[in-house]
Structures are given as structure tokens and as C-alpha cells.
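Asks: One structure, pasted below without further comment.
The values are calculated or read from the model by the stated rules, or taken from the named source; none is laboratory data. Keep in mind it's a predicted model, so treat the numbers as computed, not measured. Here Cβ is always computed from backbone atoms with ideal geometry, including for glycine, and neighbour counts include all displayed protein chains. Ligands, DNA and RNA are stripped out before the accessible areas are found, and what is left, the full protein with its side chains, is counted by its heavy atoms. Shrake-Rupley method; radii C 1.70, N 1.55, O 1.52, S 1.80 Å.
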Amino acid sequence: MYKLHLILKYLRKRRIAWVSLLAVTLCVTMVLVVISVMGGWLRMFRTSFHGLSGDIVIQSASLSGFPYYEDMIAEIEKLPEVNAGVPVIQTFGLININNRKTAGVQVFGYPIEKIGKVNEFTRSLWRQYNQWLEWADGAPIEPEDRLKLRETYGLTVVRPGMPLLKLTSEERERIRKAIPNMQAKAEAARNAMNAATDPADKERKLQDAEESAWLAGRLQELAAGGDDAVAEANVRRAIRDEIGKIVDDPDERLAPNDAERAAVRAQADKEISHPSFKPFLPPQQYEEAFRANNPRAKEQFVKAVPNWDGMIAGVGVVNVHKDSKGNFVNRGDYLYKLPVSLTVMGVSSAGKLDFGGGKERNYWIVDTSRTKVWQYDSNTVYVPFSVLQLDLGMDAQQAEQDGKPITLPARTSEIHIGVKDQYRHSSDALVAIRDKIKPIVERVLEQKAREGHPFNGMPPTVRTWEESQAKWMGAIEKEMVLVTFLFGMISVVAVFLIFCIFYMIVVEKTRDIGIIKSVGATSSGVAGIFLGYGAAIGIVGAGMGFLLGYTIVHNINTIHAWLGKALGVVVWDPEVYAFDTIPNTLEPYRVVWILAVAVIASVLGALVPAIRAARLNPVEALRWE
Amino acid sequence: MSRTTPKTTPAGEASDPSRPILRARGIQRSFKMGDSSVQVLKGCNLTLKQGEFVAIEGRSGSGKSTLLHIMGALDEADGGTVEFDGEELTQMSSVQRSRVRNKQFGFIFQFYHLLPELNVLENTLLAAMIEYSWLGFRSNRKALQARAVDLLTQFGLSHRLKHRPSQLSGGERQRVAIARALMNNPRVLFADEPTGNLDVETGRQIMDVIEKLHRESGQTIVMVTHDRALAREADRVLVLKEGKLEQVE
């Protein structure tokens with residue numbers, strides 16, 4: 001009884017112990033935040049990797065691929081656990097975007113109408129999916145987009161944007177009043193620019209001066225413009241950011257209303273259910289775009305241009321990326337008018353480079369894909385499976401063998417298999433299904449061999465998505481272990497702090513220990529006081545650390561945004577970490593682990609002082625000054 | 001129990017006033033002083049009967065406190081034995097000795113030795129808190145608290161229950177210490193210079209309290225003091241001189 005009583009008293013009355021409490025709290029917070037962010041990051045990676053690949057992947061061991069994939073898919077799709085199987089060709093190519101950029105790329109051939117059944121690729125598309133979702137979530141629809149939606153997609157509910165941006169007389173009045181200020185500011189910015197000596201500084205100040213002058217000019221125009229003066233969205237935003245809210249917020253004005261949001265959401269569902277590689281602009285627009293880049297092209301060639309195939313580009317391939325504020329740059333309709341040529345090199349079934357014709361092909365970009373996995377987004381393009389198969393010479397071909405005509409079977413490089421939802425998230429279930437698919441692949445090849453069509457290449461491998469992505473996932477997992485270890489080391493410091501503070505307390509309390517012993521406390525009882533004291537520090541510290549850590553992790557993106565704004569610190573570069581937001585979820589079992597370790601560590605820190613206290617001779621302790 | 005182990009004292013005998021409750025024989029104790037060692041106790045014999053009030057007198061440094069600590073199971077002798085109620089303290093495990101200190105002995109020290117973080121009531125309850133488990137204390141709490149309050153009221157401290165030791169005068173602190181020592185109804189009360197840190201007037205009051213305990217409740221007391229006048233209040237006075245105890249007639 002006295003132990004608990006004294007522990008509680010000491011906890012309340014000994015201020016020095018609060019330092020160790022603070023140390024435990026901060027360590028727990030730190031480890032919680034790091035583990036949560038890293039763990040969340042890993043989870044996001046898993047989700048993204050999983051989203052990109054089939055649940056189970058049959059992969060060719062060789063660049064020339066493997067045949068009879070249609071028979072395999074037909075057999076595999078008979079399995080009750082399997083949703084669908086889709087052939088995918090993966091190869092490398094050379095891309096030339098409108099003669100402006102040439103780059104080596106990874107090329108995926110997707111049968112796009114079916115790919116949605118095995119992976120999440122279609123949900124990475126911008127034009128055919130995500131742009132609709134953003135609008136449906138209330139992102140402002142710019143006036144030009146409103147016009148396009150009405151004209152291209154026939155979404156009549158979408159209000160034309162321009163008239164909405166007309167100034168009210170009150171707004172014009174307030175803009176008139178703001179002009180002298182803005183001019184003074186532009187003047188000051190110009191002077192600052194002239195005074196600057198450092199070239200980089202001068203550059204920055206020049207930009208400021210130009211922006212101020214531009215805005216001052218626009219304000220004058222608007223004030224003089226009369227009743228029909230229109231402030232475009234970007235001008236309104238500039239006015240809002242520079243002068244404060246003297247005009248209606250353009251983002252509010254352009255926010256879609258409920259009917260519009262419902263309309264764009266319906267459009268999202270419509271598009272995602274029929275994803276397409278087909279160029280979607282009216283033919284004359286493609287012709288115009290092509291003619292603008294190739295003014296001397298022959299007319300018959302120009303007429304053929306609208307019939308090119310469509311390509312989906314990873315965002316990095318066309319330089320769509322997020323700036324440090326998290327806004328996308330370079331995304332725009334101009335992408336869909338860029339002629340692109342893609343050159344691929346086929347490998348024959350005999351394993352030789354096939355230099356036959358037809359390996360270069362022109363495409364229009366019809367969409368961009370942002371899978372959020374940087375390795376894919378930075379250098380991958382997606383084209384129709386049948387087109388790529390043809391270009392690589394992997395389609396069924398007629399040939400001659402010993403003077404007899406034979407048909408070489410069509411080949412693919414991979415089959416991606418999607419399983420039913422209930423099996424998707426269990427590694428064990430996926431392994432079990434993989435083990436059912438393996439014999440099917442072997443059986444099909446054996447049967448074909450019996451029919452006189454042996455496949456002499458290396459048999460394809462069958463792996464679950466985790467097995468096929470093990471290299472990347474493993475790297476991230478190791479990184480997490482390393483970081484946890486490092487922070488664990490730092491936490492050892494906290495254990496030493498507890499040790500020192502408790503040692504001090506024991507020395508300070510020596511006489512009290514003598515008193516307690518003289519009244520009949522046993523040595524183990526005295527040790528119990530200090531161990532319990534340590535445990536109490538651990539429990540309270542871990543509890544407070546949990547609360548603090550929970551608060552930080554939950555608001556980490558807000559905190560990060562504030563840090564960026566107030567101090568210019570951007571730790572989480574969306575480009576590098578592949579995700580725009582910092583993961584902010586705590587996993588219960590990790591939390592329990594961390595808290596338990598904190599309590600155990602606190603008890604360990606108190607152990608040596610407790611043993612010293614227990615060993616004290618009561619008479620000597622009583623004499624202690 | 002008494003039939004199978006004749007060595008242990010039958011319960012009925014405990015109340016026999018002529019029977020010795022505490023018996024020290026040939027107690028020796030020396031202390032290291034640098035390289036040499038000083039023998040403080042050179043074979044002390046003392047027999048204490050139930051209900052007796054014995055004073056041990058001696059100059060400071062004569063070893064009288066050490067003798068008291070050894071008899072009170074706080075310290076260990078280099079030689080000799082201490083028997084409490086027929087059992088040798090020197091043969092007991094440290095846990096058993098702790099239990100004896102808790103239940104059978106009470107200590108009063110010159111410097112009071114109260115715990116600064118606990119209030120008067122909690123300090124008084126300390127021995128009971130140590131005796132009982134958490135659950136046991138909870139279930140007996142009312143009775144134990146009543147006993148502590150009763151003791152404190154006896155000593156005129158009923159208005160001080162929630163005060164901390166630092167808010168009390170020396171005499172009040174010593175009275176709290178006496179209440180704490182009596183909490184578990186000890187068989188023997190050990191007092192080590194109980195008035196040594198107090199002025200004459202307050203010291204007198206404390207002596208009255210101790211004397212009254214002996215006179216009215218028959219409390220067995222061993223008191224150590226350097227003050228001959230105080231020692232005279234006891235039934236029997238022993239003088240510790242050159243490491244040996246001498247009876248004073």
C-alpha cells in the first residue's frame with residue numbers, strides 16, 4: 001500500500017521527475033510520428049504497387065515473351081477465385097514528342113477495356129477519371145473548362161464561366177481605390193530591383209517588380225473598363241492574393257454547384273467504365289494541330305492524322321508535375337494536340353532482334369496517368385495491347401518450316417490476373433491461388449507440346465504481386481527498420497536520463513529510505529517503490545506522448561503546410577516521396593508496441609537506482625545528511 | 001503449535017510480566033575509522049521485562065544509539081545475540097526482521113524522521129500502510145484511520161492532520177513520530193534521544209507523553225539519553241561506559 005501511496009506522492013511533489021516524464025513523452029511522440037509516417041508511407045507504396053499490378057502476375061523469363069496466353073487465360077478464368085486475366089506487354093522504346101523531347105521510355109501494352117478488372121490503372125487517368133472527380137469534389141471549374149464541357153461533352157448544366165466573372169460596380173469602385181497603393185508598390189518593387197546587387201536576388205526582385213506592374217496595369221484597365229469589365233479568374237486570384245479580399249473569391253464563384261457536381265460525377269462513372277485509347281478531339285482539331293507543326297505536310301497525310309492511335313503518358317514523360325505548393329504545372333489541353341512517335345524494337349520468338357518494318361508509329365496523347373509510383377510515372381507510356389503486339393512482331397505470324405507453312409502463335413510478355421475482392425488483401429490466399437495457377441500454365445504448355453507445338457523458351461514464372469515487387473518494397477521496409485533503429489538509439493538517451501534523475505532522487509531520499517525501512521519496509525518493498533515510480537513515469541509519459549503524437553500525426557499536413565508558409569521549410573517534397581500528402585494514420589498494434597517499450601525502458605532506467613535504494617543499510621541511511 | 005515446537009513461546013506466556021521480552025547477550029560492535037577499528041560495544045548484556053521502562057545513559061559517542069539499533073533489529077552486531085520473545089533476531093532473515101520492526105517495535109528518533117511529502121495523518125499511518133497490502137488497507141481503512149486520528153488526538157494534534165511536517169514545530173513533529181511509532185501497537189518502543197533536539201520546556205512535554213504511556217498503558221520502553229535527569233524517570237537506569245553496561249542503583 002505504502003508503495004503506491006509514495007509513488008503517487010513522489011510523482012506529484014518531486015518536480016525533477018517531471019524532466020524524465022518530459023523525456024519519455026518526447027521520445028514516445030518522436031517515435032510515434034516517425035513510425036506512423038514511415039509506416040503510412042510504406043502502406044501507400046504497397047497500395048500503389050498493388051494497384052499497378054495484377055494480384056498475380058505470369059511473367060515471361062525472356063524478352064521474346066511466351067505463346068498460348070489466350071488458352072492460359074481461358075483456363076485460369078475458370079478458377080472460382082479469379083476475376084479476370086489480361087495479357088500485358090512490357091517493353092522499352094524511344095519516344096519523340098513533337099520533335100521537342102526524345103526519351104527512352106518503358107512501354108506497356110494494355111487491353112484497356114479489360115485492364116480495369118485486374119488493376120487500378122484506369123483510376124490513375126486524369127482526363128478520363130480524376131479531373132471529373134476533382135470537379136465533383138468542388139474544385140473550381142475555370143471559364144474555359146466550362147465552355148469545353150458544354151461544347152465537347154454536352155454537359156448543358158455547366159454554366160458558362162465568363163459572364164460570372166463580370167465586375168460589380170462596388171468591386172470596380174474598390175479596385176479604383178486600390179490603384180494608388182498598387183502603383184506605389186510597383187514603384188517600390190522596381191526600386192528594390194534596381195538596388196539589388198546579388199544576381200539571384202536581382203532576378204527574384206525583377207519578377208516581383210514585373211508582377212506588381214502587371215497587376216497595377218490590370219487594375220487600371222478594370223477601373224476604366226465600364227460596366228462590362230470582366231476580371232478573369234487568374235486576375236481575380238492575383239487581386240485577392242495581393243490586396244486582400246476586395247473582390248469575390250474567384251474560386252468560390254467558379255465552384256461547381258450541386259447539379260454540376262452531380263453531372264461531372266456521372267461523367268466520371270461513364271468514362272471509367274469505358275476507358276479508351278481513342279483520340280477524342282474532333283478530326284479537324286487534330287488536322288490543325290498537325291498542320292501547325294508541319295506546315296508543308298501533304299494533304300493526304302494530314303487527312304490520315306485523326307486516325308492515329310492514342311497513347312496514355314505517365315505524367316513525368318510530359319513534364320506534368322507538382323510544384324512545391326502541391327499544384328500541378330504543365331497539365332493542360334495542349335498535351336492532347338502533341339503528335340508523338342514511339343519506336344519499339346521487336347524480339348522474335350527465336351530471340352533475335354527483329355529489324356522488320358513498322359516499328360515506328362505515331363500517336364496522339366489522349367490522357368495522362370499518375371499512379372503515384374515515381375518509377376512508373378516518370379518514364380512509362382501506355383499504348384493499346386494489339387498495336388504494341390503488332391509492332392513488336394508478337395502477333396500470330398505465318399512462316400515456313402521445312403517447306404511447310406506454319407503459324408507462329410501470338411505472344412505476350414505478361415499475364416496479369418485479378419482475383420475476387422475477398423482474396424485480394426490476404427497474402428496467404430494469393431499464394432494459394434498462385435499455386436493453383438502454376439500447374440495450369442504448365443498444363444497448357446505441355447498440351448501444346450503434345451499437339452506438336454512445343455514452346456522451347458524458359459517457362460514463364462507465376463508470382464504474386466508482392467513477390468514481383470519485392471525489390472522495391474523490401475528497400476522501403478529496410479529503410480523503415482533503419483530509421484526506427486536510429487530513433488530507438490536516441491530513445492536510449494531517455495533511459496539514461498531517467499537513470500540519472502532517479503539516481504539523484506535516491507541519493508536525495510536516502511534518509512527517507514532509512515525511515516521507511518525503520519518502520520518495517522523490506523528491501524524489495526523499497527526497490528518496488530522506485531521501480532513502480534519508473535513504471536509510473538513510463539505510463540504517464542507514454543500516455544502523454546501518445547496524445548501529443550496522435551495530435552501531431554493527425555495534423556501533420558496542416559503543420560507541414562504552416563512550416564512551409566511561415567519558415568519556407570518543405571520537408572515532404574511530393575516529387576521525391578511520390579505522394580502529395582504525408583501519411584497521417586496510426587496503426588494500433590505499432591502504437592501498443594511503442595507504448596509498451598516506453599514503459600519497459602522507464603522501468604529499466606529506474607532499475608539500478610532501485611537496487612541501490614534496496615541495499616541501503618537503514619542506520620546509515622538515517623544518519624545521511 | 002505449542003505441542004509440536006516446544007522451543008517457541010506459548011502465546012499465554014507473552015503476558016507474563018516477569019518473563020523477559022528482549023534479551024541482549026554479549027553484544028559487540030566495532031566501527032572502522034580509517035585504517036584502525038574502534039570497538040564501541042564490548043559485550044553488553046541487557047534483559048528487558050514486559051512493561052519495563054529502561055533508560056540507557058551515556059556520553060555522546062559511547063555507542064548507546066548503536067546498541068539501541070542492534071536491539072531494535074535495525075543494525076547487526078559483530079558478536080553476541082539478541083532474543084526477542086524467545087527468538088533470536090540475529091538468526092532471522094531480513095524479511096522477518098522487517099516484519100518484527102513493523103509489528104513489534106516502534107522507533108522514536110532525535111531528529112523525528114518524518115517523511116516530508118506525507119502529511120501528519122499519512123506519516124502516522126505509515127507502519128499500517130507497510131503492514132497491509134493495498135486491498136487489505138482499503139478494507140481496514142476506516143479502523144486504521146480512526147486509530148491514527150485517535151493517537152494524534154491523544155497527543156493534541158487533531159487540528160494538524162492535514163499539515164505537512166515542515167509546517168509543524170519540533171515538539172509537534174516529535175509527537176507525530178511517537179504516534180507513528182505506536183500505530184501498530186508495538187511490544188517495545190525504542191526512543192533514541194527523544195528530547196535531544198528540543199528546548200527544555202518542549203522536551204519536558206515529550207517526556208511526559210512517554211512516561212504516561214508507560215504508566216497508563218504499561219508500554220515497554222527502551223530509551224537512550226545523555227541526560228542523567230531524564231534517565232532518572234525510568235524504572236531502571238543503565239550506564240554505557242567503555243563499551244559495557246553498568247547498572248545504576
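Asks: Starting from the Cα of A:M489, step 7 Å along the direction of its Cβ; do the same at B:R59; then give the gap between the two resulting points in nm.
Replies: Result for the modelled spin labels: 6.5 nm.
Asks: Would you kindly find the accessible area of A:T156, with a 1.4 Å probe and non-protein molecules such as ligands, DNA and RNA excluded, rounding to the nearest 10 Å²?
Replies: 120
Asks: In addition: Pull out a ≥ b ≥ c, the square roots of the eigenvalues of the alpha-carbon gyration tensor of chain A, then state rounded if a/c is under 1.5, prolate if not and a/b is larger than b/c, and oblate in the remaining case.
Replies: Details: a/c = 2.89, a/b = 1.34, b/c = 2.15.
Verdict is oblate for chain A.
Asks: Does anything in segment B:108-138 have its amide N under 15 Å from the 7 Å Cα→Cβ label point of A:R12, and if so which residues?
Replies: Output list for this probe position: B:116-123.
Asks: Another question about this same structure. Could you tell me whether segment A:1-148 comes out rounded, prolate or oblate from its Cα gyration tensor? Rule is a ≥ b ≥ c as square roots of the eigenvalues, rounded for a/c under 1.5, then prolate if a/b exceeds b/c, otherwise oblate. Don't skip to the end; give the middle numbers.
Replies: Details: a/c = 2.90, a/b = 1.99, b/c = 1.46.
Prolate, because a/c is 1.5 or more and a/b exceeds b/c.
Asks: Continuing with this model, one more query. So if R0 is 51 Å, what FRET efficiency would A:N234 and A:T461 give, r being the distance between their Cβ atoms, rounded to the nearest 0.05?
Replies: Details: r = 53 Å, r/R0 = 1.03.
Plugging the Cβ-Cβ distance into 1/(1 + (r/R0)^6) gives 0.45.
Asks: Could you list the residues of segment A:25-68 with an amide nitrogen less than 17 Å from a label point located 7 Å from the Cα of A:K478 in the Cα-to-C-beta direction?
Replies: A:42
Asks: Suppose accessible area is computed on protein heavy atoms with a 1.4 Å probe; arrange A:C500, A:C27, B:C44 from highest to lowest. Provide the component values of the computation, followed by the final result.
Replies: On the way: A:C500 70, A:C27 25, B:C44 0 Å².
Order by accessible area, largest first: A:C500, A:C27, B:C44.
Asks: Next question. As a check on your grasp of the helix formula, calculate [θ] at 222 nm for the protein assembly as shown: sum -39500 (n - 2.57) over DSSP H runs of n ≥ 4, divide by the residue count, round to the nearest 500. Can you show the working numbers first?
Replies: Values: 32 runs with 439 residues, N = 874.
Rounded to the nearest 500, the figure is -16000 deg cm²/dmol.
Asks: Got a sec? Which residues of segment A:494-520 lose 10 Å² or more of accessible surface with every protein chain in place, vs. that chain alone, 1.4 Å probe?
Replies: In segment A:494-520, residues shielded by partner chains: A:K509, A:R511, A:D512, A:I515, A:I516, A:K517, A:S518, A:V519, A:G520.
Asks: Something else: Which distance in nm do the two modelled labels at A:E77 and A:N327 give, with both placed 7 Å along the Cα-to-Cβ direction?
Replies: Those two pseudo-labels are separated by 4.6 nm.
Asks: For an R0 of 56 angstrom, estimate the FRET efficiency from the Cβ-Cβ distance between A:S273 and A:I539 and round to the nearest 0.05. Walk me through the numbers on the way to the answer.
Replies: Details: r = 54 Å, r/R0 = 0.96.
Once the sixth-power term is evaluated, E becomes 0.55.
Asks: Can you give the % of DSSP beta bridges in the protein assembly as shown that are antiparallel, to the nearest 5? Each step should come with its number before you reach the end.
Replies: Numbers: 71 of 100 bridges.
Taking every DSSP beta bridge with both residues in the protein assembly as shown, the antiparallel ones total about 70 percent.
Asks: At a probe radius of 1.4 Å, figure out the A/B buried accessible area, summed over both chains, and give it in Å² to the nearest 100.
Replies: Details: alone 31900 and 13080 Å², together 42640 Å².
Protein heavy atoms only, the A-B interface buries about 2300 Å².
Asks: What is the gain in length, in nm to one decimal, between A:T156 and A:L133 on full extension, counting 0.36 nm per residue of separation less the C-alpha to C-alpha distance?
Replies: Working: separation 23, 0.36 × 23 = 8.28 nm, distance 1.80 nm.
In short, 6.5 nm is gained.
Asks: Might you work out the accessible area of A:K270 for me, using a 1.4 Å probe with all protein chains in place, and round it to the nearest 10 Å²?
Replies: Its heavy atoms expose roughly 130 Å² to the probe.
Asks: Under a 1.4 Å probe, what is the accessible area of the protein assembly as shown per residue, stated in Å²? Present the calculation step by step, with values, prior to reporting the outcome.
Replies: Working: 42640 Å² over 874 residues.
Result: 49 Å² per residue.
Asks: Distance between the C-alpha centers of segment B:88-110 and segment A:141-194? Whole Å please.
Replies: After rounding, the separation between the Cα centres reads 91 Å.
Asks: As a test question: what accessible area, to the nearest 10 Å², does A:M458 have when a 1.4 Å probe is rolled over all protein chains in place?
Replies: Surface open to solvent at A:M458 totals about 130 Å².
Asks: For segment B:144-249, give me the percentage of DSSP beta bridges that are antiparallel, rounded to the nearest 5 percent. Please report the intermediate quantities before stating the final value.
Replies: Values: 5 of 10 bridges.
Taking every DSSP beta bridge within segment B:144-249, about 50 percent pair in antiparallel fashion.
Asks: Hydropathy at least 0.0 by Kyte-Doolittle, axial extent at least 24 angstrom from the Cα trace: which helices of chain A, defined as entire DSSP H runs, fit?
Replies: Values: long enough: A:16-52 (54 Å, 1.59); A:169-195 (39 Å, -1.14); A:199-224 (37 Å, -0.87); A:427-450 (35 Å, -0.25); A:470-508 (56 Å, 1.79); A:523-554 (46 Å, 1.41); A:588-615 (40 Å, 1.52).
Answer set is A:16-52, A:470-508, A:523-554, A:588-615.
Asks: Go through B:R101, B:R173 and list them by solvent-accessible area, largest first, probe radius 1.4 Å. If you can, show how the numbers build up before the last one.
Replies: On the way: B:R101 15, B:R173 70 Å².
My answer, sorted largest first, is B:R173, B:R101.
Asks: Moving on. Shape call for chain B from the C-alpha gyration tensor, a ≥ b ≥ c root eigenvalues: rounded (a/c under 1.5), prolate (a/b greater than b/c) or oblate?
Replies: Oblate is the answer for chain B, as a/c is 1.5 or above yet b/c matches or exceeds a/b.
Asks: Averaged over its residues, how many other protein chain Cβ atoms are within 10 Å of peptide B:125-137's Cβ atoms? Walk me through the numbers before you get to the answer.
Replies: Numbers: counts 3, 10, 6, 3, 9, 10, 4, 2, 2, 5, 1, 1, 4.
If you average over the peptide's residues, the count of other-chain Cβ atoms is 5.
Asks: I want to check the label-to-label distance for B:S36 and A:E173. Put each point 7 Å from Cα in the C-beta direction and report it in nm to one decimal.
Replies: Output for this residue pair reads 10.8 nm.
Asks: Full extension from A:A297 to A:A184: what is 0.36 nm times the residue separation minus their Cα-Cα distance, to one decimal in nm?
Replies: Numbers: separation 113, 0.36 × 113 = 40.68 nm, distance 5.26 nm.
Roughly 35.4 nm would be gained on extension.
Asks: For segment B:98-116, state which residues have at least 50 Å² less accessible area in the presence of all protein chains than in their chain by itself, taking the probe as 1.4 Å and leaving out ligands, DNA and RNA.
Replies: B:R101, B:H113, B:L115
Asks: With the full set of protein chains in place, find how many percent of the accessible area of the protein assembly as shown is carbon and sulfur; take the probe as 1.4 Å. Before the final figure, lay out each step's value.
Replies: Numbers: 23160 of 42640 Å².
Using a 1.4 Å probe with all protein chains present, the protein assembly as shown comes out at 54 percent carbon and sulfur.
Asks: From largest accessible area down, sort A:L622, A:L408; use a 1.4 Å probe on the protein chains. Don't skip to the end; give the middle numbers.
Replies: Numbers: A:L622 15, A:L408 60 Å².
The ordering from most to least exposed comes out as A:L408, A:L622.
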